[in-house]
Amino acid sequence: MRRQNVRTLSLVVCTFTYLLIGAAVFDALESSTEEERFIILKKVREKLKQKYNISENEYRLIETVIIENQPHKAGPQWKFAGALYFVTVVVAMIGYGHSTPETVGGKAFCIVYAVVGIPLGMVMFQSIGERLNKFTSVIIKRMKKMMGCATTEATDVNQLCVTGTLSSIVMTAGAAVFSHYENWNYIDAFYYCFITLTTIGFGDFVALQKDNALTGNPGYVALSLVFILFGLTVVAASINLLVLRFMTMNTEDVKAGDYEMQDASQSVLTLDGELMAINGKLLAGTHDTEFAGSGQLGSFTSVATVCSCTCYPRPHHSPADTRRRLGWQDNSGQISPSRISHLLVEQDGGSKAAPLSPDQFPPLLQDSFMVSNYLKTKRCSV
């Protein structure tokens, strides 16, 4: 449990540190360019207003018209081809934002559709990713047999290498295709492929938004949809391997912690304030005050153990009866909590005595594995 807590805390600290580093890097790379572009746009706006003698409100109206007209350059967005592209983006959780529902019914249906479609898509991608990992493991085993390797088992590292290589091939090939159809440079096309397949979906680069591609080029539409679905499947396979690996490590830690607790709980027990080991050694026992000779029990502090089980019932009898049963009262009438020697297994150098019968054991030890151990050894210390 402690190891899991340390790992979780480390992950939280590493994540926040990574976020801070990323923010610092983007601040250094993009802030100056943003300021320069804002200054240039402001100068161009002022020149346009002076040249055409338009007011600020008129300029904002023109600006709104240009922005709203941008999605329509690709043709109708809500015909079947465009709607199919939209629902694919919704189920895949990419969310470009290039087109959005405008009617109340469309927005309501989008919410309901996403609630059902997103889990369905996640399960589908994860299931196909598992099948892909199974297929790659078979290929890896056969390749290792052909190469004469000592071990033919397909490890997680081998599968991660294969799926990572396949993801890179899909992205590089897709970047070449989109660079050709969209007239983007290769870096922008690769950036689009990565943002799409990782479901980030900024929307600054969106395919099928030029020259009525949605209605005039059905082959390119089909190619784009296949790229999204197949690419997300390959990425899901890689993520599935990483998640399974982390879950396996977490399960191993849980099992190790359980085994440690079982070993500890089987090694000690508490007997009316006395901390005892299974081999009979007295580990700890404290009392705050001396016990009175009248037999009244003073304040006694029990030592807590790692075993909190309730499988051994507490004896239902008086303190005096308890002391008499356990042999804590000596000849002078004084109480000695440490005198439980007749319950202990023989130590090194101890003498042997006749074994106890089962009915002589205290109620706390009856019907337990301790009785069996006592009867088998047939030894006790005096």
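The values are calculated or read from the model by the stated rules, or taken from the named source; none is laboratory data. In this text, all values refer to a predicted model and were calculated from it rather than measured experimentally. For neighbour counting, all protein chains shown are included, and Cβ atoms are generated from backbone atoms with ideal geometry for every residue, glycine included.
Do we find a residue being in contact with a Lys or Arg (Cβ under 9 Å, 6 or more places away or on another chain), crowded, with 17+ Cβ neighbours inside 10 Å and either of a type outside the set (Gly, Ala, Ser) or assigned to a loop (DSSP other than H, G, I, E, B) (or both) anywhere in segment 167-174? There is no residue in segment 167-174 that is in contact with a Lys or Arg (Cβ under 9 Å, 6 or more places away or on another chain), crowded, with 17+ Cβ neighbours inside 10 Å and either of a type outside the set (Gly, Ala, Ser) or assigned to a loop (DSSP other than H, G, I, E, B) (or both).
Restricting attention to segment 210-227, the residues that are buried (at least 21 other Cβ atoms within 10 Å of the Cβ) and touching a Pro at 6+ places or on another chain (Cβ under 9 Å) total 1.
Residue count for segment 33-48, restricted to those that are free of Cβ contacts under 8 Å to residues at least 12 places away in the same chain and either outside any helix (DSSP H, G or I) or closer than 14 Å to Tyr59 by Cα (or both): 7.
Under the condition of being part of a loop (DSSP other than H, G, I, E, B) and either at pLDDT 95 or above or aliphatic (A, V, I, L, M) (or both), the residues counted in segment 188-230 number 4.
Considering the conditions (1) closer than 26 Å to Val206 by Cβ; (2) loosely packed, with under 10 Cβ neighbours inside 10 Å; (3) in contact with a helix residue (DSSP H, G or I) (Cβ under 9 Å, 6 or more places away or on another chain), Asn69 is excluded by exactly one of them, (3).
Residue by residue, here is whether (1) of a type in the set (S, T, N, Q); (2) over 27 Å from the mean Cα position of the chain (by Cα) holds:
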{"position": "Ala150", "(1), (2)": "no, yes"}
{"position": "Gly174", "(1), (2)": "no, yes"}
{"position": "Asn183", "(1), (2)": "yes, yes"}
{"position": "Thr199", "(1), (2)": "yes, no"}
{"position": "Phe202", "(1), (2)": "no, no"}
{"position": "Pro218", "(1), (2)": "no, yes"}
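Please work out if Met147 is surrounded by fewer than 13 Cβ atoms within 10 Å (Cβ to Cβ) and either outside the structural domain of Leu229 (by TED's automatic domain parsing) or more than 23 Å from Val89 (Cα to Cα) (or both). Answer is yes for this residue. Of everything in segment 52-66 that is in a helix (DSSP H, G or I) and polar (S, T, N, Q), the residue that is surrounded by the fewest Cβ atoms within 10 Å (Cβ to Cβ) is Asn57. Residue check: is Leu160 under 22 Å from Tyr96 (Cα atoms), in a helix (DSSP H, G or I), aliphatic (A, V, I, L, M) and assigned by TED's automatic domain parsing to the domain that holds Phe80? The answer is no for Leu160.
Put simply, of Ala189, Ala236 the only residue that is hydrophobic (A, V, I, L, M, F, W, C), more than 22 Å from Phe80 (Cβ to Cβ), crowded, with 21+ Cβ neighbours inside 10 Å and in contact (Cβ under 8 Å) with a residue 60 or more places away in the chain is Ala236. Cβ separations smaller than 9 Å between residues 6+ apart or across chains give the following pairs from segment 1-28 residues that are outside the structural domain of Phe246 (by TED's automatic domain parsing) to residues that are of a type in the set (Gly, Ala, Ser) and modelled with pLDDT under 90: Met1/Gly257; Arg2/Gly257; Arg3/Ala256; Arg3/Gly257; Gln4/Gly257. Within segment 72-85, can you find the residues that are touching a Pro at 6+ places or on another chain (Cβ under 9 Å) and crowded, with 17+ Cβ neighbours inside 10 Å? Of everything in segment 72-85, those that are touching a Pro at 6+ places or on another chain (Cβ under 9 Å) and crowded, with 17+ Cβ neighbours inside 10 Å turn out to be Gln77, Ala81, Gly82. Summed over segment 108-147, residues that are at pLDDT 95 or above and among the basic types (Lys, Arg) total 0.
Restrict the check to segment 124-137 and report whether at least one residue is under 22 Å from Tyr85 (Cβ atoms), free of Cβ contacts under 8 Å to residues at least 12 places away in the same chain and either in the same structural domain as Phe194 (by TED's automatic domain parsing) or part of a helix (DSSP H, G or I) (or both).
Scanning segment 124-137 turns up at least one residue that is under 22 Å from Tyr85 (Cβ atoms), free of Cβ contacts under 8 Å to residues at least 12 places away in the same chain and either in the same structural domain as Phe194 (by TED's automatic domain parsing) or part of a helix (DSSP H, G or I) (or both).
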